[in-house]
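Engineer: Take a look at the following structure, please.
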Amino acid sequence: MQSQVHYLANPSQKQVVFNKILMKVTNLCEKYVPKSVRFRKNVHLQIQPDVILISSYIWALQQGCKSANAIYRAIRTNLFPECFPERSRFCRICQNLSQTIQMMRYYFVKTLISDCEFGIIDSFPCALCKPIRNCRAKLLESTANIGFNATKQEHYYGIKFSVVVGDNGFPVNYVVTPASVHDSQTAYELLIASPFSIVHGDKGYVNKSLKESLLRCGIKLITQLRENMSDYSKLENYRIGRLRKSIETVFSSLEQFGIEDLRCRNLYALKFKVEAILLTYSLLLHQSQMENGFSLRYSLAYG
């Protein structure tokens, strides 16, 4: 009797948390995923439906699991000791669900950024190995290469994420590039698809031709300037830096879910895990803002 969800009074218990996630994921799936995907051929033969698999993955991320092994062990131990796909099958199904979870996340976030005044663009590195293995690493070799991490002042083998975030803290669009690609090279592709007419960036996006190209499309890119530039203003740089502070908070939150420490073996697994992390963060931040007003502290949703 006590094991039934109906009688669980403590909201921190695993079944209660999982069922809350399942309700949200089911609503998003029914609202944003086409019927042709939800009711595709032979989908009824799966041991568990798509929403259960996605919800259990998100639940494991919220529990602090980062690696594929840890996520699967947590699900089998705490949620589904029986009647669940074996590990390799589970991983393959998740990879095939990458497009589904992307649609859910994108359209869900799109409804939350309608009142945003501006967007913020920035990038962060994702190292796929330790620096000592930079020249020998082959993980995602079709995409990854060696780049420079200016924050840590070291070279790394991996990829780079360029992300556009609304001023309320929700990641909207992102692009994955090799580590050596400069930020300004991906900015046009990323911003032209964003819903913001005003976007703030750091010194990495100082590019006159880029700004002119975006301005012709109705997008104003405002960046901090370098000290040797004629229009440099310390006060203006400080003001833009204050506006950009929220994206640093977002990146710090995403790092808690392991987005800077991915070990995926192929691009399909990479896409699913990144989308799952972004959806997990967006759901928690939305819940936090509903309960506590505007805040970038997603952890308030755990309370």
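The values are calculated or read from the model by the stated rules, or taken from the named source; none is laboratory data. Keep in mind that this is a model prediction, so the values were computed, not measured. Cβ atoms come from the backbone with ideal geometry, glycine included; neighbour counts cover every protein chain shown. Protein only, heavy atoms only, side chains kept; ligands, DNA and RNA dropped before computing areas. Shrake-Rupley method; radii C 1.70, N 1.55, O 1.52, S 1.80 Å.
Engineer: Going by the conditions given, is Cys94 open to solvent by less than 30 Å² (accessible area, probe 1.4 Å), outside any helix (DSSP H, G or I) and either aliphatic (A, V, I, L, M) or within 24 Å of Val163 (Cα to Cα) (or both)?
Structural biologist: Here the answer is no, as Cys94 does not meet what is asked.
Engineer: Mind checking which residues of the range 35-87 are among the hydroxyl-bearing types (Ser, Thr, Tyr) and exposed (fewer than 15 other Cβ atoms within 10 Å of the Cβ)?
Structural biologist: Within the range 35-87, Ser36, Ser67, Thr77 qualify.
Engineer: Same structure, new question: Could you please let me know if Glu248 is closer than 18 Å to Gly119 by Cβ and open to solvent by 10 Å² or more (accessible area, probe 1.4 Å)?
Structural biologist: Considered against the rule, which asks whether it is closer than 18 Å to Gly119 by Cβ and open to solvent by 10 Å² or more (accessible area, probe 1.4 Å), Glu248 comes out as yes.
Engineer: Can you name the condition, by its number, that Phe196 falls short on among (1) open to solvent by less than 20 Å² (accessible area, probe 1.4 Å); (2) over 24 Å from the mean Cα position of the chain (by Cα)?
Structural biologist: Status for Phe196: all satisfied but (2).
Engineer: Same structure, new question: Where the second residue is surrounded by 17 or more Cβ atoms within 10 Å (Cβ to Cβ) and at pLDDT below 90 and the first is in a strand (DSSP E or B) and lies in the range 125-148, which pairs have Cβ atoms under 6 Å and are six or more apart or on separate chains?
Structural biologist: Taking only residues 6 or more apart or on different chains, the pairs are Cys126/Leu262.
Engineer: Which residues, counting only those in the range 183-198, are part of a loop (DSSP other than H, G, I, E, B) and farther than 13 Å from Ile120 by Cα?
Structural biologist: Ile192, Ala193
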